[in-house]
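A.B. asks: Before we start, here is the structure in question, set down as structure tokens.
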Amino acid sequence: MDTSPQTAAETQPVRRRRVPVAVVVVAVFLACVATAIGVVSWVADDVSSDLTDQEMTCCWEEGATPAWMSDQLGIRIPEGASDRRSGYKTGQRYDTGLLAFVLPSEDAERYTGRLIRSGTEMIGNSHPEEKGYRPAAAFGHLGLPEPETFVQGLRKASLCPDDLASPEGKYLQRCVDLFAHEFTPGTTRIYVRSTIEPSITPPAASNCFVPLSPPRAPARPGRCRKRAAGEVGAGAALAVRRLPALRGHGQEPAVLS
């Protein structure tokens, strides 16, 4: 029998290390903060998406016909143009006018050549926007893709009326971004976008929207009130005029006076 005295180290019980309460509290707090940040970020993204959707659908005037928009911009529409579409969106500082129509590619080439400055050419789109690109005044409102997203078959130019003496440019009333996109072989769509100071008024639509509740802000004189997101009314969809078939190739496109 071993009667040798045991050392103090052998007889002393092993102590387990306890995690300080403060460390546990800090860890729980950080986890809660991370969860809260995630929730706030998700809500913010959702709200931002809703606001973007409202901005995209708000404030389009129903009386902006292709003929009216053509007159305001000084972009004369060729007689043979089909699928004429237009839109006018009001904004806080600036309004935006949109115009689009389709021509046979040969006619479109001649038309844009008569519009841009002599000795210049429209350029390609070497830096396209991503497919989800959504400008404040989007051609998507007219049921069309955004021309800035195209590369193949797209030519573009920016024009202003100052000293523009080309056969069609002399009628130009406002600075415009001009796009020509051959979306199918032999067929080209002309897109025109213009930023406009809020000084013009589209003709009143025959089915002016009447709100169910008082407007939040006074409308401009002579205009229907801007429709807020979620509100509905007769004539909400923009009518698209579809004109007779395209003219044949090799003919100079006539223009409206």
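A.B. asks: Taking every Cα atom in the range 134-179, find the radius of gyration and the maximum pairwise distance Dmax, and write them in Å.
C.D. replies: Rg and Dmax of the range 134-179, Cα atoms, are 13.0, 34 Å.
A.B. asks: What does the charge dipole of the range 61-219 about its Cα centre add up to, to the nearest 20 debye, if the Cβ of each Lys and Arg holds +1 and the Cβ of each Asp and Glu holds -1?
C.D. replies: The dipole magnitude comes to about 240 debye.
A.B. asks: So what's the convex hull volume per residue for the Cα atoms of the range 76-122, in Å³?
C.D. replies: Dividing the Cα hull volume of the range 76-122 by its residues yields 100 Å³.
A.B. asks: Same structure, new question: Mind pulling up the Rg/Rh value for the range 73-207? Radius of gyration and Kirkwood radius, both on Cα.
C.D. replies: Ratio of gyration radius to Kirkwood radius: 0.95.
A.B. asks: Could you please state, rounded to a whole Å, how far the C-alpha centre of the range 159-190 is from the C-alpha centre of the range 51-128?
C.D. replies: Using only Cα atoms to place each centre, the spacing works out to 8 Å.
FYI, it's all coordinate maths here, none of it is from the lab. Just so it is clear, the structure is predicted and the values come from calculations on it, not from any experiment. Please note: Cβ atoms are built from the backbone with ideal geometry, for glycine as well, and neighbour counts cover all protein chains shown.
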